1. Lysine pairs in the chain with alpha-carbon atoms under 17 Å apart, 8 or more places apart or on different chains: how many are there?
2. If neighbour count is taken as other Cβ atoms inside 10 Å, put S150, S39 in order from fewest to most.
3. In Å³ and rounded to a whole number, note down the convex hull volume per residue for the Cα atoms of the range 80-169.
4. In vacuum, with every alpha carbon of the range 2-167 counted as one equal point scatterer, what does the Debye formula give for log10 I(q)/I(0) at q = 0.09, 0.18 Å⁻¹? Two decimals, please.
5. Which residues in the range 34-51 have a backbone N closer than 20 Å to a point placed 7 Å from the Cα of V130 along the Cα-to-Cβ line?
6. Given the C-alpha centroids of the range 1-51 and the range 119-169, what is the distance between them in whole angstrom?
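Computed from the coordinates by the stated procedures, all read-outs in this text should not be read as laboratory data. Only a predicted model underlies this, so the values are computations on that prediction, with no experimental measurement involved. All Cβ positions, glycine included, derive from the backbone under ideal geometry; neighbour counts span all protein chains shown.
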Amino acid sequence: MLKHIDISDFQENAFQLIGSDWMLISAGNSDQCNTMTASYGGLGILFGKPVAQIYVRPERYTYEFLEKNDSFSLSFFSEQYRKELQYCGRTSGRNEDKIKTCGFKLLYTPEQTPYFEEARLTIICKKIYVQDLSRDLLMDDKLREGVYHSGGDHRMYVGEIVDMFYQNH
């Protein structure tokens, strides 16, 4: 059973949710989708709208689905799913069906945005802004060396939060 949340009633700590609990970023549709674990992102207000910001490198398989689709989901899980989140962060969906391996049940919004039955909290976003970050613009050399010692520059996706819900398990 879903319990929809009005954005003005949202009481979660975004620093805890994203930075410590982690999230699965999912995009695609019922024909094909992918997910990845992330601990980069933010929640706030932009252009007068409630938004979520995520950051994904082009070499990540989920990037392809974010590029092809107008929406994405952010799924947050209880601590009992930590191993599955670690797995989804280390394993590429290009090489195997990691969603199936984790035993997660995919669900879809009426607009076909994928999310997970096991998530305790889900945020559904419609893309409204995309921009590539540049390592050359990082002001901290140590941060640049630490984050960008390999791999491409992140792309930022800003999504208007169009739905939020808790799932009663």
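1. Details: K49/K126; K49/K127; K68/K126; K68/K127; K83/K98; K83/K100; K83/K105.
Lysine pairs meeting both conditions in the chain amount to 7.
2. S150, S39
3. On the way: hull volume 14.0 nm³, N = 90.
Per-residue hull volume (Cα only) is 155 Å³.
4. Debye curve over Cα of the range 2-167, log10 I(q)/I(0) at q = 0.09, 0.18 Å⁻¹: -0.28, -1.18.
5. Answer for the range 34-51: 34-38, 40-42, 46-47, 51.
6. Each part's Cα centre sits 10 Å from the other's.
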